[in-house]
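What follows is a set of notes on a single structure, which appears directly below.
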Amino acid sequence: MSRTADDDTRERRFTALAQATGQTVWRLAPDGDRPLEDSPGFRALTGVSREQWLERGLLAGVHAEDREHVEASMRAAFAAGAAWELEVRLPRPDGQPAWTLLRAAPVTDARGERLEWVGVAADIHKRKDVETFREMMLGILGHDLRNPLNAMMVSAQLALLRAREEPVRTPLERVLASGERMGRLIEQLLDLTQVRLGRGIAISPVAADLREIVEQAIEELPNGKTRVRFDAVGDLRGTWDFDRLLQVVTILVGNAIDHGTPGTTITVRAVGDAPDAVELTVHNLGPAVPESVRDSVFEPFRRTDPARRHGARALGLGLFVTRQLVLAHGGTIAFESSDAGGNLMHVHLPRRPPA
């Protein structure tokens, strides 16, 4: 197929637009294996030679620690044939690795046949430096806050044991309740830091019973336990991190209480009919979450109702941490919401986490 003047105009327009946004343009063959032409902008950004670019393309200069992962991710993206983006560490002219964002999209003809890949590369190293510094500070902050908080809690507990008069006991009970809430916030900040730094959340699986976990979570609720109905069906035993799953159930049930219509029942249901997995659902009758934010309920620092600030969910980290804990166990979590049906959290949990 011969090129037309319109083709050349569109290509120049695309190149000018990419350059105006501070990004570098490149083109690859339909299978993504080789560049179709030189990319002086990519070479200027990364410091790779013309020969390296023409031979290895986007993989030229990828950091040794990232090479296997990046190559596998790119091959999967090219095979899928859909637009993709990837953050990689590539060299700079001074030889130091720096974070680069690669975006690509396929170009097809009128019949849908893939003609080539076009993409851009953008320097995001400064942004990544800021993110890494923020995550490190969050980790340091969470770690250093726990020691004085623990000392405060122990002192308040000792004072409460000795206190007899109600005017003294009430403030101490409030101190302990606030301290427990602060402790949950700190733990969630630490969990967020672990995930953002790429370390994930560690779990310690042991033989456990989901029925016992749910019953303990409901018993430990600071308020609203009388509104919770728990239905247990089948064999609910598995190999899980007891404390981490207790955290999952506590967050989900607490969230349902906070956002449910006052006075209505919160239904927790655990089903263990399948041989290799159990199902956990938490349902509340409350206003539907707006459709525009349903897909982001598991993202950090997102709240479906910013006007509400309850307990450990005040930072908008509860559902983010919950999802990470479920993923660490090899499970999945989904959210459904409607005006007629209320809000439902559904956790699919394998009886054994991945090795």
- Message: Between Ser49 and Ala274, how high is the FRET efficiency from 1/(1 + (r/R0)^6) when r is the Cβ-Cβ distance and R₀ = 41 Å? Nearest 0.05.
- Response: 0.15
- Message: Tell me the per residue accessible area of segment 67-204 using a 1.4 Å probe; a whole number in Å² is fine.
- Response: 62
- Note on the structure: Heavy-atom accessible area of the chain with neighbours in place, 1.4 angstrom probe: carbon+sulfur share in percent works out to 53
- Item | Dmax and Rg, reported as Rg then Dmax, of segment 32-177 (C-alpha, Å) | 27.0, 83
- For segment 33-48, Karplus-derived ³J(HN,Hα) couplings (6.51, -1.76, 1.60; θ = phi - 60°; whole Hz; x for glycine and proline) come out as 7, 8, x, 8, 7, 5, 10, x, x, 5, 5, 5, 6, 9, x, 6
- How large is the dipole of the chain about the Cα centre if only Lys and Arg carry +1 and Asp and Glu carry -1, each at its Cβ, rounded to the nearest 20 debye? 840
- Task: Output the relative contact order of the chain, whole-number percent, from Cα pairs under 8 angstrom with separation of 6+ residues.
- Result: 11
- Task: Please identify, among Thr24, Thr322, Thr250, the residue showing maximal mean-square fluctuation in a Gaussian network model of the chain using a 10 angstrom Cα cutoff.
- Result: Thr24
- Note on the structure: Of all C-alpha pairs within segment 199-268, those more than 20 angstrom apart amount in percent to 33
- Note on the structure: Percent of all alpha-carbon pairs of the chain at distances over 25 Å, whole number, is 66
- Note on the structure: The simple spin-label model distance between Glu212 and Ser155, using points 7 Å out along Cα→Cβ, in nm, is 3.6
- What is the spin-label model distance, in nm, from Thr264 to Arg27 if the labels are put 7 Å beyond Cα along the C-beta direction? 5.7
- For labels at Arg174 and Asp295 in the simple 7 Å Cα→Cβ model, what's the distance in nm? 4.4
- Modelled FRET efficiency - R0 51 Å, Arg164 with Thr239, Cβ distances, 0.05 increments: 0.65
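The values are calculated or read from the model by the stated rules, or taken from the named source; none is laboratory data. Predicted model, so just to flag it, every value in this text is computed and none were measured. Cβ: placed from backbone, ideal geometry, glycine included. Neighbour counts: every protein chain shown. Quick note on the areas: whole protein, heavy atoms, side chains included, nothing else; ligands and nucleic acids left out. Shrake-Rupley method; radii C 1.70, N 1.55, O 1.52, S 1.80 Å.
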